[in-house]
1. Could you please find all residues in segment 47-77 being crowded, with 21+ Cβ neighbours inside 10 Å, within 16 Å of ligand 1 (Cβ to nearest atom) and more than 27 Å from residue 273 (Cα to Cα)?
2. Is there a residue being assigned to a helix (DSSP H, G or I), touching a helix residue (DSSP H, G or I) at 6+ places or on another chain (Cβ under 8 Å) and more than 16 Å from ligand 1 (Cβ to nearest atom) anywhere in segment 254-261?
3. Pairs only if they're at least six apart or on different chains, beta carbon under 6 angstrom, first in segment 266-277 and over 15 Å from residue 69 (Cα atoms), second surrounded by fewer than 16 Cβ atoms within 10 Å (Cβ to Cβ); list them, first residue then second.
4. Specify which of the listed residues (335, 306, 283) is outside any loop (DSSP other than H, G, I, E, B) and more than 20 Å from residue 176 (Cβ to Cβ).
5. Look at residue 185 and say whether it is touching a strand residue (DSSP E or B) at 6+ places or on another chain (Cβ under 7 Å), at pLDDT 75 or above and more than 16 Å from ligand 1 (Cβ to nearest atom).
6. What number of residues in segment 190-209 are surrounded by 22 or more Cβ atoms within 10 Å (Cβ to Cβ), outside any helix (DSSP H, G or I) and modelled with pLDDT under 90?
7. For residues in segment 78-98 being in contact with a helix residue (DSSP H, G or I) (Cβ under 6 Å, 6 or more places away or on another chain) and within 12 Å of ligand 1 (Cβ to nearest atom), which is modelled with the lowest pLDDT?
8. When you scan segment 211-233, do you find a residue that is within 24 Å of residue 68 (Cα to Cα), in contact (Cβ under 8 Å) with a residue 60 or more places away in the chain and part of a helix (DSSP H, G or I), even just one?
Ligand SMILES: Nc1nc2c(ncn2[C@@H]2O[C@H](COP(=O)(O)OP(=O)(O)OP(=O)(O)O)[C@@H](O)[C@H]2O)c(=O)[nH]1
Ligand SMILES: [Mg+2]
């Protein structure tokens, strides 16, 4: 571990020197170096990007060994409370846990997600737990890339379990699904017909659904919701890897059945490893991010070199001087 006296100067600055002096403490689990490395991959500055690429190349052999868990749920479902209790359970089992967030809207609602680091009272000061909020002000595309790369950095720093948290608002869940091995949905009861927060689309991508707040007066209602979801799941096609999503009720506040959730997660990982779908899924995810990455880059480059023309076509479309299809055609022709 670095003491304050031995921290190289560059760690305080915006300059990065990706050499063994940086990489070796990172791989020994220095939180200071890990945080700095994550800030580097979050940066969109061209000079930082090339440093980030060099860093990721160096650490690549030490990545991939963690269990990556995605956690989502509507605001107030109890995600933070769950992660606090769940994280404590894992930390007690001597696992090293990193918690990352995907929340591109965090600047809008003042960073509620992970802004509540202090609310994770049981784990926020534990030595083997690392909590990293989402970069503020970034676009979803940027957050996705940064999170994917942060997972790799955490793995290189020796973290065994990586939790990626997101608020359930649609596109975020699909992203988290593409970044993780297990997708856990924190649901709540009293949902009525539409099964609030457990909408069809989300249910289809959840591997495990934990109906939280199974305590006090709420227990009947949780039981009803669990039954409703279980029977609704029968109507969904079985996923490609043969896993039938599991529904469990729990109380994050009272630490009830949180160990059950962990057992199911482990069962699901074993299931995937036994039928060889674990590596296949990670490969499919890499394929997805590769395709997504070069397409995004192409669009960004095309836009930055044709910005003025594209803006003027848009203006003409909006003023009714050009039809929409004509405008699109003109943009495409810029490439010829
Ligand atoms: N009764 C009960 N309350 C809970 C439980 N888990 C969380 N809560 C309460 O529900 C409220 C919201 O919990 P959070 O953990 O902040 O929920 P969240 O999903 O992280 O919310 P956002 O960050 O706003 O999306 C808090 O008042 C918690 O104390 C539980 O198991 N039982
Ligand atoms: Mg929260």
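The values are calculated or read from the model by the stated rules, or taken from the named source; none is laboratory data. Just so you know, these numbers come straight off a predicted model, no measurement behind them. Ideal geometry is used to build each Cβ from the backbone, glycine not excepted, and the neighbour counts take in all protein chains shown.
1. Result: 77, single match.
2. Taking every residue of segment 254-261 in turn, none turns out to be assigned to a helix (DSSP H, G or I), touching a helix residue (DSSP H, G or I) at 6+ places or on another chain (Cβ under 8 Å) and more than 16 Å from ligand 1 (Cβ to nearest atom).
3. Pairs found: 277/241.
4. Criteria check complete, one pass: 306.
5. Answer is no for this residue.
6. Total meeting the criteria: 1.
7. 80
8. no
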